[in-house]
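**Student:** Starting off with a structure, shown below.
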């Protein structure tokens, strides 16, 4: 077995090198942006290229000057994405449980259908949706944006939660049913605690998806409710001469909340899986 | 199981309300509207049959959009899967801090497509960009931003999207890949199978449902490409990076040609549903085989 072991050690070293290189490639553009946000810019007019400026946090302040309502928009983004993610998970969890614990004709087709729905681009239905929401007086309201974002991400949440709940052994639930517990108690006291890591991981991914949505807030708002992607796109459509360090600072600010969330909960995210293959 | 019909009704009710009101109903109303001259502020509505679809399909800009998105999907999806798989393959065995590697690699996906467009717009720019910085060090002259070049705009847009999505594929593939028992890899290694055989014979069979699901999501994502090009190229130069979603948005909200916008949006949906049928068939044949 020593041949296998030494090969494994060699493999390990190669893997570490390749992974570090890949990570460097994937993060380089963001590091470049972060440096610009901190006032360190490349100067390509000299030969060889040099660096301009000294480290400063001024550009983060400039964001608020260039776009006075930026901090307000940051708050809107955070609250609406959090509400939408919570609503998505709350509505999807019972459905996913129903799918995982019952067998009826076409249950598999329904699950796969949710994945197809999750793949449907928002563009396919936002045009009539914007009209409908206008008629329902929900345009440019917080509720309108949150409900739509929740609906947009619900099919994916059902698919993911269905996968997680199917993995769960139903022993505890059986015991609870025998004890005479009702549906809500079984879900609240057995299913949710047992599946908590998967549920939290799903909620985090839904938050990221909602945080970055553009089309939904774009067609459902008229200036009153503004999220960060919307503000960025407005800014760039109308005032293209934005300074690079200011844009970089805005970009870094928009990335930090989701990056911190994902880093802090990286152990929880270990439980995020589309569907785990059965090992036979 | 103990779930009664009534239980199921209770369980499905919340999501049914949400999806009907904010997803299915608008989509269906939109579908009916595409066969009429309906517009939100229009005075009269007439039945127009397939007229709107004919208008869209005859529009050369839409033709260019379909060509672009076909190239985009055919190139981007396999690249995203390939690079995503390669990275997941490197991470498949437990190494120190694998969870952290997995989320660090996820960071490009966390950047919103809009912010992404802003970022690459500047990274490609001459004065401060990363490309000219490297070229400068190599003693080469600056090159103009490739997004202004009709021949390069589409490949560059694809590359930027692959940069953003490939790490997400890794994130999705890793749980599946690392759940394959170590003995299987070692058996294959001891049998002297080269790594390509190990991937084809060990990884792919057990990852098939997962790979199909990811491919489905990627195809949908690609066919709906909108915010990825909105800032970066705006569809240009000319029509070299226009996508059906961008076309549809501009028709409906830019020039108030509502019927053409809704009709082209439904053509995107038709494309995704077509891919969905293939996906569902592929999952089924895999199970019976």
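**Student:** Quick one: which residue in B:63, B:30, B:42 is within 12 Å of another protein chain (Cβ to nearest Cβ) and closer than 29 Å to residue B:215 by Cα? Please lay out each step first, then the result.
**Tutor:** Numbers: B:63 fails: within 12 Å of another protein chain (Cβ to nearest Cβ); B:42 fails: closer than 29 Å to residue B:215 by Cα.
Just a single option satisfies the conditions, and that option is B:30.
**Student:** Checking residue A:5 against (1) within 12 Å of chain B (Cβ to nearest Cβ); (2) in contact with a helix residue (DSSP H, G or I) (Cβ under 7 Å, 6 or more places away or on another chain), which test does it fail?
**Tutor:** (2)
**Student:** Here is a follow-up. Given B:129, B:84, B:117, B:97, which one is within 13 Å of chain A (Cβ to nearest Cβ), crowded, with 17+ Cβ neighbours inside 10 Å and over 25 Å from the mean Cα position of the chain (by Cα)?
**Tutor:** The conditions single out B:129.
**Student:** Kindly indicate whether residue B:79 is touching a helix residue (DSSP H, G or I) at 6+ places or on another chain (Cβ under 7 Å), away from chain A (no Cβ under 12 Å) and surrounded by 15 or more Cβ atoms within 10 Å (Cβ to Cβ).
**Tutor:** Here the answer is yes, as residue B:79 does meet what is asked.
**Student:** Please go through the range B:173-184 and give me each residue that is surrounded by fewer than 24 Cβ atoms within 10 Å (Cβ to Cβ) and either closer than 22 Å to residue A:271 by Cβ or at the interface with chain A (Cβ under 10 Å from one of its Cβ atoms) (or both), ordered by number.
**Tutor:** First, the residues of the range B:173-184 that are surrounded by fewer than 24 Cβ atoms within 10 Å (Cβ to Cβ): B:175, B:177-184.
Residues satisfying the conditions are B:175, B:177, B:178, B:179, B:180, B:181, B:182, B:184.
**Student:** Might you let me know whether the range A:114-121 holds any residue that is touching a helix residue (DSSP H, G or I) at 6+ places or on another chain (Cβ under 8 Å), free of Cβ contacts under 8 Å to residues at least 24 places away in the same chain and within 28 Å of residue A:267 (Cα to Cα)?
**Tutor:** Yes, the range A:114-121 contains a residue that is touching a helix residue (DSSP H, G or I) at 6+ places or on another chain (Cβ under 8 Å), free of Cβ contacts under 8 Å to residues at least 24 places away in the same chain and within 28 Å of residue A:267 (Cα to Cα).
**Student:** Now a separate question. Out of A:36, A:42, A:75, which single residue is out of contact with any strand residue (DSSP E or B) (no Cβ under 6 Å at 6 or more places or on another chain), surrounded by 14 or more Cβ atoms within 10 Å (Cβ to Cβ) and part of a helix (DSSP H, G or I)?
**Tutor:** The match here is A:36.
Table: residues versus (1) in contact (Cβ under 8 Å) with a residue 40 or more places away in the chain; (2) touching a strand residue (DSSP E or B) at 6+ places or on another chain (Cβ under 6 Å); (3) in a helix (DSSP H, G or I); (4) more than 9 Å from every other protein chain (Cβ to nearest Cβ).
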{"site": "A:181", "(1), (2), (3), (4)": "no, no, no, yes"}
{"site": "A:191", "(1), (2), (3), (4)": "yes, no, yes, yes"}
{"site": "A:206", "(1), (2), (3), (4)": "yes, no, yes, yes"}
{"site": "A:235", "(1), (2), (3), (4)": "yes, no, yes, no"}
{"site": "A:251", "(1), (2), (3), (4)": "yes, no, yes, no"}
{"site": "A:256", "(1), (2), (3), (4)": "no, no, yes, yes"}
{"site": "A:259", "(1), (2), (3), (4)": "no, no, yes, no"}
{"site": "A:272", "(1), (2), (3), (4)": "yes, no, no, no"}
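**Student:** Continuing with the same structure: Out of the range B:134-148, which residues are part of a loop (DSSP other than H, G, I, E, B) and either more than 29 Å from the chain's Cα centre (by Cα) or within 10 Å of another protein chain (Cβ to nearest Cβ) (or both)?
**Tutor:** Filtering the range B:134-148 for residues part of a loop (DSSP other than H, G, I, E, B) gives B:138-145.
B:138, B:139, B:140, B:141, B:142, B:143, listed by residue number.
**Student:** To continue, here is another question. Of the numbered conditions (1) closer than 30 Å to residue A:227 by Cα; (2) modelled with pLDDT under 80; (3) in a helix (DSSP H, G or I), residue B:131 fails exactly one; give the number of that condition.
**Tutor:** Every condition holds for residue B:131 apart from (1).
**Student:** Would you pick out the residues in the range B:1-49 that are buried (at least 19 other Cβ atoms within 10 Å of the Cβ), touching a residue at least 24 places away in the same chain (Cβ under 8 Å) and either assigned to a helix (DSSP H, G or I) or in contact with a strand residue (DSSP E or B) (Cβ under 9 Å, 6 or more places away or on another chain) (or both)?
**Tutor:** Across the range B:1-49, the qualifying residues are B:27, B:30, B:33.
**Student:** Something else now. Check B:151, B:220 and return the single one that is under 23 Å from residue B:244 (Cβ atoms) and not in a helix (DSSP H, G or I).
**Tutor:** B:151
To keep it simple, each residue is scored yes or no on (1) over 22 Å from residue B:213 (Cα atoms); (2) within 8 Å of chain B (Cβ to nearest Cβ); (3) surrounded by fewer than 17 Cβ atoms within 10 Å (Cβ to Cβ).
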residue	(1), (2), (3)
A:61	yes, no, yes
A:101	no, yes, no
A:132	yes, yes, no
A:136	yes, no, yes
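**Student:** Hey, among B:170, B:215, which residue is at pLDDT 80 or above, surrounded by fewer than 21 Cβ atoms within 10 Å (Cβ to Cβ) and under 25 Å from residue A:272 (Cα atoms)?
**Tutor:** Testing whether each residue is at pLDDT 80 or above, surrounded by fewer than 21 Cβ atoms within 10 Å (Cβ to Cβ) and under 25 Å from residue A:272 (Cα atoms) leaves just B:215.
**Student:** Of all residues being within 12 Å of chain B (Cβ to nearest Cβ) and within 30 Å of the chain's Cα centre (by Cα) in the range A:167-179, which is nearest to residue A:271 (Cα to Cα)? Just the residue, please.
**Tutor:** Here the residue is A:167.
**Student:** For the range A:80-108, what are the residues that are part of a helix (DSSP H, G or I) and without any contact (Cβ under 8 Å) to a residue 12 or more places away in the chain?
**Tutor:** A:90, A:98, A:107, A:108
**Student:** Another question about this same structure. Where residues in the range B:242-289 are assigned to a loop (DSSP other than H, G, I, E, B) and at pLDDT 90 or above, which of them is surrounded by the most Cβ atoms within 10 Å (Cβ to Cβ)?
**Tutor:** Here is the first cut: in the range B:242-289, the ones assigned to a loop (DSSP other than H, G, I, E, B) are B:242-243, B:255-257, B:289.
Keeping just the survivors that are at pLDDT 90 or above gives B:242-243.
Numbers: B:242: 24, B:243: 28.
If we take residues in the range B:242-289 being assigned to a loop (DSSP other than H, G, I, E, B) and at pLDDT 90 or above, then B:243 is surrounded by the most Cβ atoms within 10 Å (Cβ to Cβ).
The values are calculated or read from the model by the stated rules, or taken from the named source; none is laboratory data. It should be emphasised that the depicted structure is a prediction, and the values quoted were computed from it without experimental measurement. Virtual Cβ from ideal backbone geometry, glycine too; neighbours counted across all protein chains shown.
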